[in-house]
Structure formats: C-alpha cells, structure tokens
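Undergrad: Here you go, one structure.
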Amino acid sequence: MEHRLTGRDGNTRDTPVLQTSLVLDSDGTAIARARQVAAQFLTEVQAEHGLPVSQRAVDVTRLVVSELVTNSRKYAPGPVLLDLRIAGDAVEVVVWDCEPALPIARAADAGRVGQHGLEIVMAVAQGFEVQREPVGKRITVRIALLDAPDGDAAGRPPL
C-alpha cells in the first residue's frame, strides 16, 4: 500500500500527515476492499511510524468506512474515492462520490429495518462533516486513535 507524508495543505513544509487514497469501482469487492485498506493503513501507521492506535479505533474505522462506502455504492453512480489520513490524534475518513444529494440522518426508530448507517457513523465519530463539491459531495469523519482511560473514545464528550 502506498501512503505519503504530506502537509495538511499538500505541501511538505507543513505539519506532516500520513495518508492513503483509494479509488473504488462498482464491482462487488469495493466495500470489503475498503475495510481491508482501512485496517491495513492503521496497522502500518502504528507499526512503521510508532503512532499508538487502539483496537477500538481500527474496528470503528472499518465500520465507518463500510457504512460510508456502502451508501456511496448504493446511491451514487460512478467511482468512489476513499481517503484516510492521520491528523493529530485522529484518523480522518474521507469519502467522495458524484451524487450531489446530501445524506440525512433519520430519526431513531427501533422498528425500522436498515437505513441506520449514518446514525451509527455519527454516534461513533468525534467529528462528522458533509461538503458539497463542484461534482458530488465529500463526507469527512474523525475517529480518535486512542481510548480515554475510562474506555471511552478520547475526546468524546460524556453523554
């Protein structure tokens, strides 16, 4: 897997950020491949660069990647771009697709079957942002790399 050390603005003179990107086609392996790349990226970040990454962060990142890529594959024609990057004490999962409609989290409904993906993503993330792009949209989710001493995700406000 290729990842590059770049600055936040794409220049090497800024604060370094580890990053990997992947273009996912519409074949049946895209979602599984995206989950695998996410886990591999975090494993390599820890092993090769010495950044601590909790098992919870790996699991939550795989879940978020799976939900976002599944939604993009389901609702957007064309390719999906997945970008993973380490930014401070978090991993940022960025998914771009060409569908201009912004996702909407539905109200909680225990009787509803399916369509809980966005609710799940928002519940486990430390940050969630959707941006319209000139073509399509970009969703960015921040996930803490470490757990707080009490077992909660670092930086997550108490409920």
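Undergrad: In the range 13-93, what trypsin sites (Lys or Arg not before Pro) fall in a loop by DSSP, with at most 11 other Cβ atoms inside 10 Å?
TA: 13
Undergrad: Going by amide H atoms built from the backbone, whose H comes under 5 Å of the H on residue 18, apart from near neighbours?
TA: 86
Here, each number is a calculation from the coordinates, and none is a lab measurement. All figures in this text were calculated on a predicted structure; none of them were measured in a lab. Neighbour counts are summed over all protein chains in view; Cβ atoms, including those assigned to glycine, are modelled from backbone coordinates with ideal geometry.
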